[in-house]
Amino acid sequence: MRGYFFKTPKWLKMLYPALVWDKSGIGKSPSLYLTFDDGPIPEVTPWVLEQLKKYEVKATFFQVGDNLRKYPDIFRRVLAEGHRVGNHSYNHLNGWKTNEIDYFSNVKECQEAIESLGAETNLFRPPYGKISRKQIKTLKTDFKIVMWDYLSGDFDHDLNVDLMIKNFKKKVKPGAIVVFHDNVKSFDSLKKALPEFLDFFKGRGYHFLTL
């Protein structure tokens, strides 16, 4: 059974009002906020960047610190091509299963890795979307904690890609923060779904903004 929502329900947003779930756009044209989690990954992130360049789209990449350590040149390319970055912890920790001291230390370590490569960010997304109220209270003093309005499901090998595409065409609305993943697990689905997503919403006049 699928244990996640594609479209984040209003009641969940109301339970955690301190978190950023969606945003209004600018101007009269509809806007979307495309985000990618878990990179940089050499097998996937460069391909994602090529797709974004092809469609003239900017996105926000939530980066895992240990991947920054391994692949700093890909991180620099993300920045050089005009995208924004955010903190996704150093080791992709589940906040529900990690004590506060270790969790905060891991977030700080990722932040130091980002800054060591010449970037700045005040954005944090908890891996798996799992974060405690105490963790929120502490981290929101330094970060905008970004969740999402729409989760693609690209990581779910039981989800048919055609159904994934049908879902986002129907459910993604203006102002949505949308999550894909630039990781190996998601790549097979991403290769079909991402170009379809970009083509569909660009063709309908959407602007893509960074957070």
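Every number in this text was worked out from the coordinates using simple rules, so none of it is lab data. Here the structure is a predicted model, which is why all the values come from computation and not from measurement. Counting neighbours? That spans all protein chains shown, and the Cβs are built from the backbone with ideal geometry, glycine included.
Output the qualifying pairs, or none if there are none: Cβ atoms under 6 angstrom, residues six or more apart or on different chains, first residue in the stretch 107-133 and charged (D, E, K, R), second residue assigned to a helix (DSSP H, G or I) and crowded, with 19+ Cβ neighbours inside 10 Å.
Close Cβ pairs satisfying both conditions: GLU109/GLY65; LYS130/GLY95.
Got a number for residues in the stretch 91-118 being farther than 14 Å from VAL64 by Cα and part of a loop (DSSP other than H, G, I, E, B)?
Within the stretch 91-118, residues that are farther than 14 Å from VAL64 by Cα and part of a loop (DSSP other than H, G, I, E, B) number 3.
Mind checking which helices (runs of 4 or more DSSP H) fall wholly inside the stretch 121-211 and carry at least 2 residues that are more than 24 Å from VAL107 (Cβ to Cβ)?
Ranges flagged: 161-171, 187-202.
Take the residues in the stretch 138-188 that are among the polar types (S, T, N, Q) and over 16 Å from THR35 (Cα atoms); name whichever of them is surrounded by the fewest Cβ atoms within 10 Å (Cβ to Cβ). Show your work before the answer.
As a first pass, look at the stretch 138-188 and keep what is among the polar types (S, T, N, Q): 138, 141, 152, 160, 167, 183, 186.
Now narrow it down to the ones that are over 16 Å from THR35 (Cα atoms): 138, 141, 160, 167.
Working: THR138: 15, THR141: 6, ASN160: 11, ASN167: 18.
Among those residues, the one meeting the criterion is THR141.
Within the stretch 30-47, identify whether any single residue is surrounded by fewer than 23 Cβ atoms within 10 Å (Cβ to Cβ), hydrophobic (A, V, I, L, M, F, W, C) and assigned to a helix (DSSP H, G or I), and answer yes or no.
yes
Of the numbered conditions (1) free of Cβ contacts under 8 Å to residues at least 60 places away in the same chain; (2) crowded, with 22+ Cβ neighbours inside 10 Å, GLY86 satisfies every one except a single condition; which is it?
(1)
Scan the stretch 17-29 for residues that are surrounded by 15 or more Cβ atoms within 10 Å (Cβ to Cβ) and either out of contact with any Ser or Thr (no Cβ under 9 Å at 6 or more places or on another chain) or without any contact (Cβ under 8 Å) to a residue 24 or more places away in the chain (or both) and jot them down.
Hits for the stretch 17-29 are LEU19, VAL20.
Within the stretch 63-82, is even one residue closer than 20 Å to TYR150 by Cβ and outside any loop (DSSP other than H, G, I, E, B)?
no
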